[in-house]
Each structure stands twice: as structure tokens, then as C-alpha cells.
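Presented below is the structure to which this report refers.
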Amino acid sequence: MIVTFSIEYRALPNERIWLQRQLSPDSSLDATEAFPLEDLGDGRWQTTLDLPHTPSFSYNYYLGDPEGKPLRREWRIKHTLPSTTEGKHLFTQDRWIDQPADAPSFSRALCDVLYQRRGEADGLTSSTPYLAFSVFAPSLRPEEGLFISGASSLLGSWEADEALPLSYLGQGRWMISLPLPLGTGLGEAVALSYKYLIRTAEGGWLWEEGANREAVLPTGASYDGIYFQDSFLHLPTRSIRTAGIVAPLFSLRSEQDWGIGDFATLREAIDLVAEAEMHALQLLPINDTTFARDKGDSYPYNAISVDALHPIYIDPGELGALADPTLQQAFEEEASELRSLPQVDYPRVLALKERYLRLAFAERGSSELASPDFSAFFAESEHWLRPYALYCVLRDQHPGSPPSLWAGWEQYDALRAKTFAEEPEVREEIHYYYWLQFVLDRQLRAVRRYAEEKRVFLKGDLPIGVAPHGVDVWIAPSLFHTDQSAGAPPDDFAADGQNWGFPTYDWERMQLDDFGWWRKRFARQAHYFHAFRIDHILGFFRIWEVPRSEHSGLLGHFHPALPYTLGEWQELLGVDFPVELLTQPLIHRADLAEVLGEKALEALGQQGYLKETSLENFYHLLHTKQCDYDQPQLKEALGEEACLQLQRLCTETALIRDPYSEGYHPRIALERSRLFGRWGAELQRRWQAVSGDFFYVRHNELFQQTALRRLGALIEHTDLLLCAEDLGMIPATVPAVLEALQILSLELERMPKSFTPTGWADPKAFPSRSIATTSTHDMPSLRGWWSALPKSEQERYLSEELKQEEPLSEEELYRKIVAAHLDSPALATILPLSDWMSLEHRLWLTSPEAEQINHPEDPAQYWSYRFPLSISSLRQHYPEWLTLIKQLISHSQRI
């Protein structure tokens, strides 16, 4: 097959256009080859290639230097040649594809699910020569059609009723192919003027705006096919607005679950979403967290693998009953008991399912592992499945111990692992863990297909962190800063900041292979979801790092950052004492006496646990790191209470050492410390000026460029709808980056992103590229928020935010709040199920406080929340509630 490629692009001297083709349909940019195009002048570039016959051929262009180094790329959508016949000579005139104004419309969630329509044949006529046109139009409703009309009689002579229909090929692409009259384009230039037009659901016509398009047929050669690939319709961006539910899978109830929501329950949740005429279902992370098999493993953001799914979510019903009916009955009786509990009993549920899964594997594992389906799964997953299964075996051999304590296996060795896995007693265990992931993959893929049939897109959750004791750190420790812990600065929900315990990423090392680790992680999401939430997207701009030697988030620092040297700090603060004194806890004697008591203070001084400084009445601690006070010998010497108080006093440190340079960061929220209260007004003023600039101005450009470099490289490789969790201490440049990359922001009325006169955000002002919600799992539900709001604030909210002057019942209040979020411009209003349930007072079956799933200030949080009713009960016994939701959605003109 000979193909002549042509494109227009105004390049600078020493720049040229390159064509980059994929070596296989599923390959990434890592498996490509590039060809230079010839500069024909006047911005026209062309090359002719002799290509092997393939069902289809996908490619992109990029602007590069003469050696082929990329300078600028097209957007991620690829040009595609249709099915071809070997030996044909084709000509294609392409248009450069930049990121469209409605990039989310091309996402799998919207294009393939919300606006789904069946793909048709490629539309090629069997006649040769032929003339073909294609264009991208992803957001046409299923009841709409796309047509072409033009000046030539071939294209209907500008008569709408004579316009020709295009066929939908999938992924937003439409195409039409026509017989080309003999002699056309074989010796003389022929120009065709044309436009695309939409046939609306009402039967009207919507023509493209602007100048006519023009197709100039090539001259000087005889072609079997001429193909004009246009980019996007010339029409205003269409507003897309839909709605959905967010709920942790573990929290959902069904009449058959085993004490926790599973993949069968997920099907029922999809039915609920569809019945309420919504189109989105969002989950919390469902990756495997199994480590100690205790309550701590309930934390869904502490996954031991970014690839493996959690076996606790397997649907036992899909596997079928055990061969022994008595044994099966015993399992079902215990499952019934666990199902009746008000909360998830995580350790018992996991233990029950693991016992059952062991027996199920013994009965059917061998045959399923010998199936072609497993072979395909293994071929696709081997790169992560092998080390994960070995990790699980070694974890089970060393209960509760991290890999650093696995004698002989402290570091992963791929060659040794392969030999070890073939030992008879190990091989069976390895195969068991292979089988578990195979079953999980099979079940979740089936659920995804079911969701697509119901026009519901599944939205996953991509945690920012990985478990320090997990397989990812074990097999590739060089990709992580294991001496640092990810967290968050203090906010309204956690005054001490947060320390999540996850190692931070060595982004500089990850960038060496164009963020391959992250690209694989994004690709993994695409196996099961149509969209995903990027947890703590601020971590792609900068991460809040807390040294492993500390507990409190107050002792963290941003990375990357531009810290000051001690010399710079001396000048900035203008103090007459060495600023080195501020680099460790500095505490006034009166504060020590208040916290410890005079007797304990004297004893600690005599024992040398306090050190005098050059500043009168100010002391340093002998042990300056919080983790020092966790040592048994120190607790025995000082007592539990004294160690706890000294641990807290470690936060009285003004300057935090940067682990990557000789610089120091200002301690965040120092204004609330005892040390700050001891300073004079001038020093306080200087500190506030410097720290305010440091945290809110100094790093804006650095954070922006960092995020664009990291996120920009990743979004090229996914067609999932990307949604940010951008709450908390937000750099000023975050909105601009999200807007540039068209990643949806998260908007909450009670957490405005900038100053508002009322202190609340106005839903009418939410960005169109955003997700609107009323609460998250990290904060009180809608009912919880209202019940905790002081009476005066309730009155102010009613008056200023809702403009409500008449008395309002609590139920009516929630309905107004939800309606306001549905009426917002946000692309999707996705509310927690508990907040949807607030619309009907008969569904207020628990206290408002009990609806909060996570308390981020509690490092020992037990993630055990379950909804008080099963999904089938909601659907069967509360039809009025579902009708109300449908009415609110219809009134807001969401689809």
C-alpha cells in the first residue's frame, strides 16, 4: 500500500514536520517510528510511504528539529487511515490536531458512554477511485446525525435536504466515502467547497459557522483513494452537564453481600444510578491493601499495589457454590451475620472471604488457570502480577512485618524470584494469588461492560500515595524518597496538618523514562474505569513532605521548593541572635513549666534533657525529633505523659531543614505556636511577611512548570475523563494549569477557592469544567455540616447564600442546596449517596455525625462505614425519592 501524506504547517527555519506511526495498534509512543516530510513551500509538507497492508493505520505528526527531536506534538487523538486493499495508492490531506476546546468530550466517559452510539463500518465505498471525508464530532446526541454538503452536485449543491450522511466510526470520528468521477484529480486541480451540518433531534439543521472548507484534489498522479481528514466541527462548544453518585464500594449494601459491598453490589449501584436517570458512579480506591489483616488495612488509600485489586471485593456468587453443601451453608450463615452488622467488620469479612476463596481455588483454580482467558490476562499483566504474587507469599510468611524485615528478601531480586516461585510449596501459593487477580479482573471488566450498557460511566480514584511496605516500593525503591512521608499542610479539618505515611516520589528519576511508572498506572485505570479522580492533584505541583523522624504535619515542607539559606534568613528576619537557634525546638522556660509542670521541668533539666541556649530563658531539647520519644527506653526514663508533651513541643521549630539542599523552610502556621507568641511585634511582622510570600507567592512559577511537565506528559496517554481533587492549600497557579490541560476541578460550596463575601462559594459560579459536590468522604455529610453549623451561621447561610426569607424545613433546605448544585454550570454534579438521601427525611436513619466516612485528623481511622439500607431497599421502598431526584435533574436540564 502506497500512501502520500500531506499536511499544512507554517514552520520556522531549521524546523520540519515528522510523521510518527505506531508499530502496533495498542502500542504507546515508546513503540513508534518517525518519517520526515518534505517541505514543498508555502507551509505544505508531504511524504510518500510504502506501507504493509493493515486493517487500519494510526499516526500523528510532530514538529521537530532536522534530527527528529520533538519540539511540539499534536494532541493525543490520532489520524487513522481506513481499511485498505493491498497495492492501492492513497492520498490523505490532514489537518494538524491541537487540543480542542472541549477535550473532555473526547473522553471515554462522555464520548463512549454518555453519548454512546454503535460504531458503523468505515464507510468506504467499494468503488475506486473514491473520495472520503472525516471529522471529529464526539458530543452529538444519539438521536442526532452528521451530514456534509457542498458546492458540487457530488455533495448536494448546498441543499440541506440533499446533504450526505456520515457514518460514525467510534471515538468521536465520522466519515463518508463517495465514488470519485473518472478523471477528477488526475491532471487538473479541482477544489470542492463544503461544510458539515448536524441534523437535530427535532429535524432541523445546524450548519457549521465561519468560512467554507475547501478540499483541493491533488494533481499529477492517479490515486485509488483521496482522503480529507478534518479536525473538529466549526461550532460553539456544547455544554455537557450530567449527574451521579459517589460512594465507597465497601459501604454499599446488598441482600447477598458478605458484610461488605462487592462487585455484585456494584452492579446494583449501577442500576440505582440508571434508574435515577444519572450517568456517573464514582468509587473510592479498590486496590489491595492486605498487610496485617487488621482494621488498619481498611484504609483504601494505603494500597500494597497500584495494580492489584482487593480480593475482599470478589463476588462469591459469580464463582458458584462449593461442592460441599454443608460447608457452603456455613459460609452463607456467617456472611448473613456479617451482613446484618451496622458497620463493616473488616478483619472478620476478610478472614471469611479468604477461607472461602482458598476452597474455591482448590476446586476450580487449576482449570481456570489453564484457560485461554487466563493466558490472555497473564500476558497483559505479567509485569506486575509476578512480583505482586511473590510479595503476597512472603508477606504471609512474615505476618505483620514489612519487607525490610524479610530475611534474605529485603530487596527484590527478579532472577532469584523466578527460581523461588518454581519451588513446589511456593508455586501453588503463587498460582492462588494469580487466580485471585484473574477473577477480580474478570468480574470488574464485566461490571464495566454492564455500566456501559446502562449508559453509566465508572469513575475510579487514583491515590497520590503508595504503602511504604508495599510491593511497588519493594521492587523499585529508587523511584521513591523512603526517608520522607507524604502529607498535607494544616487546614480547617486537621489543624496539625496530615502525615499519611506514604513515601514521596523521586520525580526526577521518574522523568528519565518519560514517567513510565505513572503512564502504566494511568493505563491500568483504563482497564476498569471511564474516568478517574486524581487524588491530591496538588502533589503533581508539589508535595508536602514530612521527615520520617516526625509525626506532625506541621514539621513538613514543600518539594520541590526554593528554601532560603541561613544567611538569607538572618537578613530576612533581622534578628540579633543566630538564626541557627530556630532550626530546632526553641521553648521558653515559662512554656515548659506550663506544659510539664515545675517539678518535671527541674527533673528534665537535671537529667540533661533540656539544654540552655544563648537566649535568656529559652531552651533546646536534647532529643529534637518526635520519633525519638517513641523509644521504649525514653518512655521508661521520662514517663509516657512527659514524652507525649515533649513530642508536641518539637513543633516549636521555626526553620525546617530542606533534605535536598542547604536551605531552610519556614515552619507553617508558626503564628499559632508558643514561640511566635514570645516574639516582639517587629519580628512577628517580618516573619509573617516572609512566610506569607514563601507559601503563597515565591513558588508559583516553579509549581506551575512542575505540574505542566508532569501532568502534561501523562494526559497524552489516556482517554479517560480526568478529574482533580484540588482542595486544601491551593497554589495560585492550580486553576490555570487545570484549565490549560482541561482537567476537571472539584468544587464545594463550603470550601471556596478564593475570597467570597459570604465565605461560601456560589454554585452558579462553578467552572463548566468541574465536578460539583456537596461533601467528600473527608468531611461531614450535608446533614452533618448543617447540624454542626452554629445557629447564627445557619441564619446567615439561609439569608446570604439561599436568599431565603421564609421559614424552611430541614428537608426543604437540603433540596434547595442539591438543586443549586444541579443548576450549576459544572460538567457533572456527583454527590455522596448520603447527601442524595438527605432529600427524603425517611432516609435519615443514622445520626448526621455517623455519615462522615473518614476523619483525616485521626491517623488510626477505621474505614468501616456502611449505608443503613441495601440498594434494593432504596429502589423498591422509596420510589418517591427516586422520582424527586429525576425531577431535580430534569429541571436542571442535565442529561
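State which residue is surrounded by the fewest Cβ atoms within 10 Å (Cβ to Cβ) when the search covers only region 486-510 and only residues that are more than 21 Å from the chain's Cα centre (by Cα) and under 14 Å from Gln861 (Cβ atoms). This residue is Phe493. Determine if region 519-539 includes at least one residue that is touching a strand residue (DSSP E or B) at 6+ places or on another chain (Cβ under 6 Å) and over 22 Å from Asp719 (Cα atoms). There is no residue in region 519-539 that is touching a strand residue (DSSP E or B) at 6+ places or on another chain (Cβ under 6 Å) and over 22 Å from Asp719 (Cα atoms).
Scan region 542-592 for residues that are under 17 Å from Ile668 (Cβ atoms) and among the basic types (Lys, Arg) and report the count. Of the residues in region 542-592, 1 are under 17 Å from Ile668 (Cβ atoms) and among the basic types (Lys, Arg). The residues listed here are Pro767, Pro780; of these, the one that is closer than 21 Å to Ser107 by Cα and at pLDDT 95 or above is Pro767. Of everything in region 236-256 that is of a type in the set (A, V, I, L, M) and in contact with a Phe, Trp or Tyr (Cβ under 9 Å, 6 or more places away or on another chain), the residue that is surrounded by the fewest Cβ atoms within 10 Å (Cβ to Cβ) is Ile240. The criterion of being aliphatic (A, V, I, L, M) and either within 30 Å of Arg118 (Cα to Cα) or surrounded by 20 or more Cβ atoms within 10 Å (Cβ to Cβ) (or both) holds for Ala451.
Before we move on, is Pro807 of a type outside the set (S, T, N, Q), in contact with a strand residue (DSSP E or B) (Cβ under 9 Å, 6 or more places away or on another chain), within 27 Å of Asp762 (Cα to Cα) and modelled with pLDDT under 95?
no
In region 655-671, the residue that is nearest to the chain's Cα centre (by Cα) out of those that are in contact (Cβ under 8 Å) with a residue 60 or more places away in the chain and within 21 Å of Asp491 (Cβ to Cβ) is Ile668. Confirm whether Val473 is β-branched (Val, Ile, Thr), crowded, with 24+ Cβ neighbours inside 10 Å and not in a strand (DSSP E or B). Answer is no for this residue. Going by the structure shown, is Lys635 of a type outside the set (Asp, Glu) and within 15 Å of Ser552 (Cα to Cα)? Criteria not met by Lys635.
Considering the conditions (1) closer than 30 Å to Gln329 by Cβ; (2) surrounded by fewer than 23 Cβ atoms within 10 Å (Cβ to Cβ); (3) not polar (S, T, N, Q), Phe291 is excluded by exactly one of them, (1). For region 857-895, a residue qualifies if it is acidic (Asp, Glu) and either closer than 26 Å to Gln256 by Cα or in contact with a strand residue (DSSP E or B) (Cβ under 7 Å, 6 or more places away or on another chain) (or both), and the qualifying residues are Glu857, Glu880. Pairs linking a residue in region 725-736 that is outside any loop (DSSP other than H, G, I, E, B) to a residue that is charged (D, E, K, R), with Cβ atoms under 6 Å and 6 or more positions apart or on different chains, are Val734/Asp726.
The listed residues are Gly225, Gly259, Gly203, and the only one of them that is on the phi > 0 side of the Ramachandran plot and either touching an Asp or Glu at 6+ places or on another chain (Cβ under 9 Å) or crowded, with 23+ Cβ neighbours inside 10 Å (or both) turns out to be Gly259.
Within region 332-353, identify whether any single residue is over 30 Å from Leu882 (Cα atoms) and touching a strand residue (DSSP E or B) at 6+ places or on another chain (Cβ under 9 Å), and answer yes or no. Scanning region 332-353, I find no residue that is over 30 Å from Leu882 (Cα atoms) and touching a strand residue (DSSP E or B) at 6+ places or on another chain (Cβ under 9 Å), so the answer is no. Residues in region 244-267 that are more than 11 Å from Asp315 (Cβ to Cβ) and assigned to a helix (DSSP H, G or I): Leu249, Phe250, Ser251.
Looking at region 632-711, the helices (runs of 4 or more DSSP H) lying wholly inside it that each contain 3 or more residues that are surrounded by fewer than 17 Cβ atoms within 10 Å (Cβ to Cβ) sit at 632-638, 640-649, 681-696. When region 441-463 is filtered for residues that are within 18 Å of the chain's Cα centre (by Cα) and either of a type in the set (Gly, Ala, Ser) or on the phi > 0 side of the Ramachandran plot (or both), only Gly460 remains.
Summed over region 104-118, residues that are in contact with a Lys or Arg (Cβ under 9 Å, 6 or more places away or on another chain) and either at pLDDT below 80 or not in a loop (DSSP other than H, G, I, E, B) (or both) total 6.
Name the residue that is farthest from Glu598 (Cα to Cα), counting only residues in region 621-631 that are touching a Lys or Arg at 6+ places or on another chain (Cβ under 9 Å) and crowded, with 18+ Cβ neighbours inside 10 Å.
Filtering region 621-631 down to residues touching a Lys or Arg at 6+ places or on another chain (Cβ under 9 Å) leaves 621-622, 626-627, 629.
Now restrict to residues that are crowded, with 18+ Cβ neighbours inside 10 Å: 621, 626, 629.
Working: Leu621: 16, Gln626: 22, Tyr629: 20 Å.
The qualifying residue farthest from Glu598 (Cα to Cα) is Gln626.
Residue check: is Ser375 among the polar types (S, T, N, Q) and over 25 Å from Ala467 (Cα atoms)? Criteria met by Ser375. Every condition in (1) more than 15 Å from Ser251 (Cβ to Cβ); (2) touching a helix residue (DSSP H, G or I) at 6+ places or on another chain (Cβ under 7 Å); (3) not in a helix (DSSP H, G or I) holds for Tyr862 except the one numbered (1).
Test of understanding: among Tyr434, Tyr388, Tyr412, Tyr450, which residue is closer than 26 Å to Ala269 by Cα and among the hydroxyl-bearing types (Ser, Thr, Tyr)? Quick ask: steps written out before the conclusion?
Numbers: Tyr434 fails: closer than 26 Å to Ala269 by Cα; Tyr388 fails: closer than 26 Å to Ala269 by Cα; Tyr412 fails: closer than 26 Å to Ala269 by Cα.
After applying the criteria, what remains is Tyr450.
The values are calculated or read from the model by the stated rules, or taken from the named source; none is laboratory data. Small disclaimer: the values here were computed from a predicted structure and weren't measured. No Cβ is skipped: glycine too gets one built from the backbone with ideal geometry, and neighbour counts run over all protein chains shown.
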